[in-house]
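A quick write-up on the structure given underneath.
The values are calculated or read from the model by the stated rules, or taken from the named source; none is laboratory data. Not measured: the values here are computed from a predicted model. Cβ placement follows ideal geometry from the backbone for every residue including glycine, while neighbour counts extend to all protein chains displayed. Quick note on the areas: whole protein, heavy atoms, side chains included, nothing else; ligands and nucleic acids left out. Shrake-Rupley method; radii C 1.70, N 1.55, O 1.52, S 1.80 Å.
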Amino acid sequence: MRKIGIIIFATFSILIHFQAAAQGGQEQIRKQEHFDKGAFEARRNAFITAKLELTPEEAAQFIPLYVEMQQKLFEVGRESRKINRKIHHKESSKQGQTTDAEYTQAIYSSLDAYIKEAELKKAYYERFKEVLSPKKLYLLDDAESKFMRSFWRRGERNKD
């Protein structure tokens, strides 16, 4: 009987140890998933400055405008992302069927966001023309794409 008690105690001790280790591992994963927006923006701005070969004067004028545009673009897409998350959550949690009206709302919300984003970019590109040459403006989209590819490929999103 005493051996059985020791075995049960040892088993529970091992289980508690593994559970504590798993929770510590989950905390480590949460820390890795933390996204540092400031660090991301700093890396993006440095990357774009280098790729466009901006002079210090150009960078001083362009980067604040660019950051402002990015913030506004993020805000434009907020409602669309909210609707899409709601549908995704409903689908993944099996909380009933998503209706055709909800899908339609999501589609039109996304389309409206794309249109507003394009209008916003066009307005900012007019402002950018006062600071950058046409060649540098042309290279901006390519620099943004290259940054995002390197960001996702290298897993830099989890390094903060």
For this session: State to the nearest 20 debye the size of the charge dipole of region 26-152 about its Cα centre, where the only charges are +1 on K and R beta carbons and -1 on D and E beta carbons.
Result: 320
For this session: Go through E126, E68 and list them by solvent-accessible area, largest first, probe radius 1.4 Å.
Result: E126, E68
For this session: Give the shape of region 75-160 as rounded, prolate or oblate, defined through the alpha-carbon gyration tensor: a ≥ b ≥ c are the square roots of its eigenvalues, a/c under 1.5 means rounded, and otherwise the shape is prolate if a/b is larger than b/c and oblate if not.
Result: oblate
Problem set entry | Solvent-accessible area of H34 with every protein chain in place, 1.4 Å probe, in Å² to the nearest 10 | 100
Problem set entry | Scaled radius of gyration (Cα, divided by 2.2 N^0.38 Å) that region 97-140 gives | 1.80
